[in-house]
1. Looking at region 422-437, can you tell me whether even one residue there is within 19 Å of ALA308 (Cα to Cα), within 38 Å of the chain's Cα centre (by Cα) and surrounded by 18 or more Cβ atoms within 10 Å (Cβ to Cβ)?
2. Which pairs turn up if I take residues in region 398-411 that are under 14 Å from SER436 (Cα atoms) and look for partners that are part of a strand (DSSP E or B) and hydrophobic (A, V, I, L, M, F, W, C) with beta carbon separation below 6 Å, at least 6 apart in sequence or on another chain?
3. Tally time: how many residues in region 263-322 are outside any strand (DSSP E or B), of a type outside the set (S, T, N, Q) and out of contact with any Ser or Thr (no Cβ under 8 Å at 6 or more places or on another chain)?
4. Does LEU272 satisfy being hydrophobic (A, V, I, L, M, F, W, C) and more than 30 Å from VAL198 (Cβ to Cβ)?
5. May I ask you to list pairs of residues, at least six apart or on different chains, whose Cβ atoms are under 9 Å apart, with the first in region 24-45 being assigned by TED's automatic domain parsing to the domain that holds LEU92 and the second being in a helix (DSSP H, G or I) and aromatic (Phe, Trp, Tyr)?
6. Among (1) under 15 Å from PHE175 (Cβ atoms); (2) free of Cβ contacts under 8 Å to residues at least 24 places away in the same chain, where does LEU256 come up short?
7. Return yes when GLN380 is at pLDDT 75 or above, under 34 Å from the mean Cα position of the chain (by Cα), of a type in the set (S, T, N, Q) and surrounded by 16 or more Cβ atoms within 10 Å (Cβ to Cβ) and no when it is not.
8. Exactly one condition in (1) over 28 Å from ASP179 (Cα atoms); (2) at pLDDT 95 or above is false for LEU246; which is it?
Amino acid sequence: MTATTPLFLWGVGLTIGFPLLAIVLGEVIHRLRRRGLAVANTVSLVRNVLLPMLVLLLFLEHLLGLDPATRLFKTVETIFWVCVIHAALSLLNVVLFEQAEADTWRSRVPKLLIDLARLFLILLSTAFVLASVWNADLAGLVTALGVSSLVIGLALQDTLGSVMSGIALLFERPFSVGDWLELDGVVGQVIDINWRAVRLLTLEQEMVVIPHKLISSTMIRNFTQPNRIHAERIRIGFSYNHPPNLARQVLKSTALETKGILLDPEPEVFTLNYEDSAVSYEVKFFIRDYGDVEQIRERFMTRVWYAAKRNNLTIPFPIRTVYNFHGPSSQQKGIDKKFSESLQAIPSFVPINREQDALVPTSSGIALQHFAAGEKIIRQGQVGQALYIIVAGLALMFSRDPDGQEREILSLRNGEFFGEMSLFSGEPSLVTVIASNDLEVMKISAAMVHQMIDRQPSFAREIGQILEIRRAAIQETSQPPRP
């Protein structure tokens, strides 16, 4: 064979082999991406970067005959080894961490530790490239790095302090990504832990970056660990005129009916203090996720107002109240006026005395009550002792089907009444009535209803007709669905 034969073979090999290998790798990448495997990115890196650099290196050495000791060849070889290191680290990261199964040690390795390990491998690989390609004296390089690292360490002592504090936090693991924390007075959810700091996303959707060095010297309050259940406390004051047991009962029942508040552990209510203008109570309830605390707190506080109105509980202003015992107060006159206006919205067939002078709402067995959207006025399975007439708002009537699912029977508007089935039968209610929006009702006691029927028997006929229609609707709901 002549001297030009190896040159010819290398030329043919590179000319044919490189395109064929690129096509094969392209097909492999396509199949890996169709299966959703992360290793496809590493193979793509090999085809697009590493393979061309390898071909260039072989072309310079075997076709152009470039001396490996030249600066150009060493530069290309260095770039090639950098590509090899990059591809190797990418493959290692995919195999060990990105494809790790849930609840394994690989899935629980913090990102900061992975970054530090990658930095160590890069430094080690750099030393190998300098020694093998550029024939660098590693002993002298280590000595030079020792002196320069001292200078760099003094200049970056705050940053390095944060890194060391981050490493300490990694081993202690007081929190992880997804936890809700309070750090240095800032409350937020951990969205990232990197080599220098922790990033929190606050309830105001603002990102706060807190360095590890600051975290190591402050108190950490974790709302998520050891379990996700969080106890929230709210203080409310009621007038001295109301018995504490009544106030505590109203607050506890309101908490139990609020969506998002857990029934187990059960809410607790404490009588805290006798303050200048009110008796102070504290409600302690539990929620499953701290991220919902604002919505649940708002929902509970809204319902407290309605519950207080229904039970005639006064939330006093933080001022001195002067009581007038010589006749009705202006507040009572306002109640009477509101009561009189509400009576005008009741249908004419309801025998209620609409004369202003005859109204005694606090003692006549008739009272105005308010319910917030979503509150239950009547619960299925409980015995009712009153008739309710809607003054303003909308209510929905539900009944359970044979599968235990609540199905809507009808909607009730101004002038319509409910509660008659349980009131007249004395049996548990067959329906649940829920306020669709803010609801104002006239609550009429059983004794008052019987007096109204005695005074106007046609009222009983009106109730009886409506009662039969609703019983038929309930009966239809209770039937199993037709095949």
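The values are calculated or read from the model by the stated rules, or taken from the named source; none is laboratory data. The shown structure was predicted, so the numbers you read here are calculated from the model rather than taken from an experiment. Methodologically, a virtual Cβ is constructed for each residue, glycine included, from the backbone with ideal geometry; neighbour enumeration extends over all protein chains shown.
1. Yes.
2. Here the result reads GLU408/LEU396; GLU408/PHE398; ILE409/MET397; LEU410/MET397; SER411/LEU396, each pair linking region 398-411 to a residue that is part of a strand (DSSP E or B) and hydrophobic (A, V, I, L, M, F, W, C).
3. Of the residues in region 263-322, 21 are outside any strand (DSSP E or B), of a type outside the set (S, T, N, Q) and out of contact with any Ser or Thr (no Cβ under 8 Å at 6 or more places or on another chain).
4. Working: hydrophobic (A, V, I, L, M, F, W, C): yes; more than 30 Å from VAL198 (Cβ to Cβ): yes.
Yes; evaluated as a whole, the condition is true for this residue.
5. Between residues of region 24-45 that are assigned by TED's automatic domain parsing to the domain that holds LEU92 and residues that are in a helix (DSSP H, G or I) and aromatic (Phe, Trp, Tyr), there is no close pair.
6. (1)
7. yes
8. Of everything listed in (1) over 28 Å from ASP179 (Cα atoms); (2) at pLDDT 95 or above, LEU246 misses just condition (2).
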